[in-house]
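Okay, so here's the structure we're looking at.
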Amino acid sequence: MKAIAAAILVFVSALPAASFAAQHSPVGAITSALDKARTKDDIVRQVARLDTLAKSAPSQGVWQQLGRALYLLGEGEKDDRRKLDYLGRSLAASKTALADDPSDSVSLYWKAMALLQEADVVGGLGALSDVREALRDLKTVSKSAPAYDGAGAFRSRGKVLIEAPAWSLIGDKKKGLELLVRAVNIAPGNLVNRLYLAQAYLKNGMKANARTELQYVIQAPAKKGDTDDAGTKAKAVKLLKEAS
């Protein structure tokens, strides 16, 4: 289903801080590296490390972060065949982590995101079951880990609801707006949350509110060397013309 998958940027998890030992374990170091990753090569290096651990010392944490890393590769891949390969591997890793710990909110989140990206590639009626499953998973994560990935569960659910076509019986512009307001309240400094909220305001005919959010995005200090922030700002500039 084209145009309903949420674009995700990588933000440091807002889940409770791990113990010193966990932070300095191999998986903890990889998690930290993924938090800071800004290029495909950065992520590929961590996938290689995780693949090695999955063979030599498999654990729930290894599968969790492998699901995350493979999703990130898939999300940024332009070739549909390679994208689906990454996403399929991401889903398999996340499901393995969830088999070890069904309450693992991080793995459930990346599983949902992989399903949305997969649905975006496949499209049509065949994608609806993936989207519905992803929305259920994200609703669970929004309760168990609302701040994870910059309020990612609220952001992604809201984005899907405002973008889904009427024929899908999934779209709900008002509910999507509510969810994106929640995302901004939880993570106000996340520029993607602000951009999506502006889009939701426009979908609901609230141009003045949309302009306020877009101006915030445009005027916010950009993180040095962060191409994601730069891209978000460029989209905000373009959208501001529509909101005028």
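Only the coordinates and a few stated rules stand behind these numbers; no lab work does. Small disclaimer: the values here were computed from a predicted structure and weren't measured. Glycine gets a Cβ as well: all are built from the backbone with ideal geometry, and neighbour counts include every protein chain shown.
Quick notes
- Simple point charges give the picture: +1 on the Cβ of Lys and Arg, -1 on the Cβ of Asp and Glu, and for region 102-151 a dipole about the Cα centre of about 220 debye.
- Kirkwood-Stokes translational diffusion coefficient of the chain, alpha-carbon pairs, 10 °C, 1.306 mPa s, µm²/s: 87
- The chain, relative contact order in percent, only Cα pairs under 8 angstrom and at least six apart counted: 17
- Its Cα gyration tensor gives region 95-209 an equivalent ellipsoid; the semi-axes, largest first and in whole Å, are 23, 19, 10.
- Here's the picture: charge each Lys and Arg Cβ at +1 and each Asp and Glu Cβ at -1 in the chain, and of 47, 74, 142 the one pushed furthest to the positive end of that dipole is 142.
- Ignoring lysines fewer than eight residues from residue 143 along the same chain, the ones with Cα atoms less than 22 angstrom from its Cα are 95, 111, 159, 173, 174, 175.
- In this rough spin-label picture, where each label sits 7 Å from Cα along the Cβ direction, the residue 219-residue 57 distance is 5.0 nm.
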